[in-house]
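Each remark here refers to the structure printed beneath this line.
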Amino acid sequence: AAPDERRFKIYRKGASVSLSAVLPVLQRIGVEVVDERPYELRCSDRTTGWIYDFGLRIPKSPAGGDYLGDDGRERFQEAFAATWTGRAENDGFNSLVLSAGLNWREAMVLRAYAKYLRQAGSTFSQDYMEDTLRNNVHTTRLLVSLFEARMSPERQQAGVELTDALLEELDAALDQVASLDEDRILRSFLT
């Protein structure tokens, strides 16, 4: 791949995959598809297999680095597989896997809270909530950490000290949010 691109392959047995089904999943994870090369395999048992080789352009982080980081490749692949198999919805929350360094399950928690907020009468659209979380990745990560500190059995042993420290850090992060609407959205997630 070119220096600013990565290769992503899908291996499939049986029927071919439609580009119109694959591209929206990749785009919502936050990558740009620059090329695609399909390879058809005819097996000796008369079945057909496919290898789809995609060229992806990964956006740069605000610090100028690659969003994938150390474990980003695995997080990206898991998010794609979860979305492709229907375990996760195909929406803008998936882009938090790259931009905020979350895994697909953490993005699902934020999606669930957004849907709850919408049902509870929030006037903000889901797209606007997605954008707000992407625009404030540090605060987004803190919200997920707080959720895990309160709900994850592995992290509950840390106790009140961890929760209080996260709440204090979240309060400071929320004070840095420039947009009043984004502040309201993030505070709704915190509440």
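Need the list of aspartates and glutamates near LYS115 for cross-linking: C-alpha distance under 20 angstrom, and skip anything on the same chain fewer than eight residues off. The qualifying aspartates and glutamates are GLU89, ASP91, GLU106, ASP127, GLU130, ASP131, GLU148, ASP181, GLU182, ASP183. Compute the acute angle (0 to 90°) between the alpha-carbon long axis of helix 72-84 and the principal axis of greatest extent of the alpha-carbon atoms of the chain; round to the nearest 10°. It works out to around 80 degrees.
Within the same chain, aspartates and glutamates fewer than 8 places from LYS9 are excluded, and of the rest, those with a Cα less than 14 Å from its Cα are ASP35, GLU36, GLU40, ASP53, GLU74, GLU78. Relative to the longest principal axis of the Cα atoms of the chain, the long axis of helix 180-190 lies at roughly 90 degrees. The apolar share of the surface of the chain, taken as the fraction of accessible area on carbon and sulfur atoms (1.4 Å probe, ligands and nucleic acids excluded), comes to 49 percent. Solvent-accessible surface of the stretch 35-144, averaged per residue with a 1.4 angstrom probe and all protein chains in place: 53 square angstrom. Computed over neighbours whose Cβ is under 13 Å from that of THR48, the net charge equals +2, Lys and Arg +1, Asp and Glu -1. Against the main long axis of the alpha-carbon atoms of the chain, helix 159-175 sits at an angle near 90°. Between THR132, MET151, SER188, whose Cα lies farthest towards the positive end of the dipole of the stretch 124-191 when Lys and Arg beta carbons carry +1 and Asp and Glu beta carbons carry -1, centred on the Cα centre? Projecting each Cα onto the dipole axis, the largest value belongs to MET151.
Across the chain, the relative contact order, built from alpha-carbon pairs under 8 Å that are at least six residues apart, equals 16 percent.
The values are calculated or read from the model by the stated rules, or taken from the named source; none is laboratory data. On a predicted model such as this, the values are computed, not experimentally measured, just so you know. In this analysis, Cβ positions are derived from the backbone assuming ideal geometry, glycine residues included, and neighbour counts consider all displayed protein chains. Remember, those area values only see protein heavy atoms, side chains included, never the ligands or the DNA or RNA. Shrake-Rupley method; radii C 1.70, N 1.55, O 1.52, S 1.80 Å.
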